[in-house]
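The structure under discussion appears below in the form of structure tokens.
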Amino acid sequence: MGPACDGARGIERGRWWLCCAPAALIALDVGLTLRGQPPEYWQGQYHTALELNPPACWALRQHPALFAALGLLWLGAVSAVVLHLPRRAARGVALLTVCGHTCGAASWLVAGFASGWALAALLFALAYALLGWSWRREAQSISRADTQSM
């Protein structure tokens, strides 16, 4: 196990930074999805759930707690994949996750707010900035680990 590894698990130092943007966008998408449900949904009529993603819609129609729990499970699964894939592939998974959940969250902003399009544009800019920041932090962490091992 080289100096760029984190103990027995073999996770490169800094790889955790790559999980930041996906985690933030998954959480936002899940939160906005719950916020976007109709009043009837919150009165126990779960069949009125609104969601375009079929597995997520199924979970919402069972119970909002199941949907939230599956959101946490999804966040954990994405993080595990990002932490254990080679660096380029991990960045690809992070990018795809951020893109997908930014689109999902943006759709709720457009549907639920008078200034939704402006909020959606701002969200895309913020997601881009957050992804760039997390990638820079990960690269700096690797660079520091390489410098320390010399």
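Each value in this text was obtained by applying a stated rule to the coordinates, not by laboratory testing. Just so you know, these numbers come straight off a predicted model, no measurement behind them. Backbone-built Cβ (ideal geometry, glycine too); neighbour counts: all protein chains shown.
Summary table
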quantity: Spherically averaged projected area of the chain from its Cα convex hull (nm²); calculated: 9.7 nm²
quantity: Between 0 and 90°, nearest 10: helix 20-35 axis offset from the chain longest Cα axis; calculated: 10 degrees
quantity: Derived scalar couplings ³J(HN,Hα) [the range 49-66; Karplus, 6.51 cos²θ - 1.76 cosθ + 1.60; whole Hz; x for Gly, Pro]; calculated: 4, 10, 5, 7, 7, x, x, 5, 5, 4, 5, 4, 6, 7, 5, x, 5, 5
quantity: Computed magnitude of the charge dipole of the chain (debye, nearest 20; Cβ of K, R +1, Cβ of D, E -1); calculated: 400 debye
quantity: ³J(HN,Hα) computed for each position of the range 87-101 - Karplus, 6.51 cos²θ - 1.76 cosθ + 1.60, integer Hz, glycine/proline x; calculated: 3, 4, 5, 4, 5, x, 5, 4, 4, 4, 5, 4, 4, x, 6
quantity: Per-residue ³J(HN,Hα) for the range 37-42, Karplus 6.51 cos²θ - 1.76 cosθ + 1.60, θ = phi - 60°, Hz, x for Gly and Pro; calculated: 6, x, x, 4, 4, 6
quantity: Distance (nanometres) between label positions extended 7 Å along Cα→Cβ at Ser115 and Ala65; calculated: 3.7 nm
quantity: At R0 = 25 Å, FRET efficiency that the Cβ-Cβ distance of Leu85 and Arg136 yields, to 0.05; calculated: 0.85
quantity: Cys99-Leu50 FRET efficiency (beta carbon distance; Förster radius 25 Å; 0.05 resolution); calculated: 0.70
quantity: Acute angle (nearest 10 degrees) that the helix 116-149 long axis makes with the longest principal axis of the chain, alpha-carbon atoms; calculated: 20 degrees
quantity: For the chain: relative contact order, % (alpha-carbon pairs under 8 angstrom, 6 or more apart); calculated: 36 percent
